[in-house]
Number of protein chains: 2
Amino acid sequence: MPLEIPEVVISRLPVYYRLLARIKREGRTVVSSQELGDALSVTPAQIRKDLSYFGRFGKQGRGYSVSRLAEELKLILGLDSRWRVAVVGLGRLGRAISSYPGFDQQGFDIVARYDSDPAIVGSELDGQMILDVANLEADLRRDPVEIGIVAVPADAAQEVVNALVAAGVGAILNYAPTRPQVPEHVELKQINPVLVLQSMTYHLRNAREESEGSSER
Amino acid sequence: MPLEIPEVVISRLPVYYRLLARIKREGRTVVSSQELGDALSVTPAQIRKDLSYFGRFGKQGRGYSVSRLAEELKLILGLDSRWRVAVVGLGRLGRAISSYPGFDQQGFDIVARYDSDPAIVGSELDGQMILDVANLEADLRRDPVEIGIVAVPADAAQEVVNALVAAGVGAILNYAPTRPQVPEHVELKQINPVLVLQSMTYHLRNAREESEGSSER
């Protein structure tokens, strides 16, 4: 496997995997890049190019073997394993995140939940005790997790991220509206709905200008 | 302005804007692509290339004017306007989303909230009455919004998206774990933490294999 796969390609693979899993459940065995592209609103050429990083799955003119491609993506993405996750920050958003059934179904086990608020540390959430974030590093050194999900306020995020990194966490999904620094060997991804909305207003603005432009004619 | 800017570039512009706003608050007037790149963990070359789509902001060797670049990005992204948003689905996630203070601060006004559950329709959330999703299309035709945020279960997402599209919404941010179809003139973005985690396990898997490989030596 080539070492340098663009991050943007890697980020699309789970989408392909999810789509293939659905096609497989529908009982189909072969799918074309055209069909995959149509379902995802991208070009068939992009599908073929993305999948070409991982060897030759399809035969020219015959399409892809659904089960073979799904199985290969599963291995590439590490989805044949289960992964241990700690959630830090159990405000409204953290609670919503940590009770989302999709994590468990897809192989992500939330094994620890942390907060700093004495009013909720020690109480139970979905049958699991909320732990004190002050103990996070020591706890997770003893009993490691691979992934941390951070849902704390912006000004607390860097400190929490530092503790997760010190405890050996390799991947962090950050919901705090700030970009914490991490060492190079740790992967950080952000989920920030405002940034996504702001990239959409680019298009809304252009559409608005076009319609205003045309009404002036 | 060139018409076809890659979507991946557009998606990074709000991140640049946020960083520039912070640098501006710190009282600085000039910033280099190296500094911007360092802060965002990307190469200075990527920064320069991304910003080159929007004309020449920087002078070779002198860096970018912080206020000019921030102002230009603000206009490009339509962040000098306020945008009207409807949130559909007020379970745990929808409530967390719709009470997030970042929307209001960044120019997004949540002006309508919908759910289908008779137990909560008619009740108040953050001072706003929860409306019946059955009336969404008629309501929003009368009193339009530009953006819809969808936080309903997967099997209800397509119907809600259809109603938003019928009511003239131009951009939809979808949290439901499925990919609804939209007509070409409507922009749809997904927020799905499972897909983000799955792209991170690609790296975790590779790191695990490397360390297992080296321990076998």
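The values are calculated or read from the model by the stated rules, or taken from the named source; none is laboratory data. Keep in mind that this is a model prediction, so the values were computed, not measured. We place every Cβ from the backbone using ideal geometry, glycine too, and count neighbours over all the protein chains shown. For the accessible areas, the whole protein counts, side chains as well, though only heavy atoms, and no ligand, DNA or RNA atoms are used. Shrake-Rupley method; radii C 1.70, N 1.55, O 1.52, S 1.80 Å.
Here are some notes:
- Solvent-accessible surface (1.4 Å probe) assigned to B:Val161 amounts to roughly 0 Å².
- Leaving ligands and nucleic acids aside, the B/A contact buries around 5700 square angstrom of accessible area in total at a 1.4 Å probe radius.
- With Cα atoms, 0 to 90° folded angle of helix B:193-216 axis to chain B main axis: 40
- Along segment A:141-147 the Karplus relation, 6.51 cos²θ - 1.76 cosθ + 1.60 evaluated at θ = phi - 60°, assigns HN-Hα couplings of 5, 6, 9, x, 10, 8, 10 Hz to successive residues, with x for each Gly and Pro.
- Where B:Val165, A:Val66 fall by accessible area, highest first, once all protein chains stay in place (1.4 Å): B:Val165, A:Val66
- With a 10 Å cut-off around each Cβ of A:94-106, the average count of Cβ atoms from other chains is 4.
- Accessible area per residue for segment B:74-130, computed on protein heavy atoms with a 1.4 Å probe, is 43 Å².
- For A:Thr178, net neighbour charge (Lys/Arg +1, Asp/Glu -1) across residues whose Cβ lies under 14 Å away: +3
- Radius 13 Å from Cβ of B:Ala207, net charge of other residues (Lys, Arg +1; Asp, Glu -1): -4
- Think of it as helices only: each DSSP H run of n ≥ 4 in chain A is worth -39500 (n - 2.57), and spread over all residues that comes to -14500 deg cm²/dmol at 222 nm.
- Taking all protein chains together, B:Val111, B:Val9 sort by accessible area into B:Val111, B:Val9, largest first [probe 1.4 Å].
- Folded to 0 to 90 degrees: helix A:154-166 orientation relative to chain A principal axis, Cα: 90
- Within the full protein context, the accessible area of A:Glu7 is estimated at about 70 Å² for a probe radius of 1.4 Å.
- Peptide-level mean, for B:185-194, of C-beta atoms on other protein chains within 10 Å: 5
- Nearest beta-carbon to the B/A symmetry axis - residue in chain B, distance in Å: B:Ala96, 2
- C-alpha long axis of helix B:7-25 to longest principal axis of chain B, angle in °: 70
- Solvent-accessible surface (1.4 Å probe) assigned to A:Asp115 amounts to roughly 20 Å².
- Considering only beta bridges that DSSP places wholly inside the protein assembly as shown, some 20 percent are antiparallel.
- Accessible surface of chain A, 1.4 Å probe, proportion on carbon and sulfur as whole %: 49
- Average partner coverage of A:35-47, which counts Cβ from other chains inside 10 Å: 1
- Ordering of A:134-140, B:144-150, B:184-190 by packing [mean C-beta count within 10 Å, highest first]: B:144-150, A:134-140, B:184-190
- Extension gain from B:Met129 to B:Arg25, taking 0.36 nm per residue of separation minus the Cα-Cα distance: 33.8 nm
- The lysine pair count for chain A, using Cα distances under 20 Å and pairs eight or more places apart or on different chains, is 4.
- Counting only Cα atoms, the size of the protein assembly as shown along its three principal axes is 73, 57, 52 Å, in decreasing order.
- The simple Förster model, with R0 at 25 Å and r as the Cβ-Cβ distance, assigns B:Asp155 and A:Val42 a FRET efficiency of 0.55.
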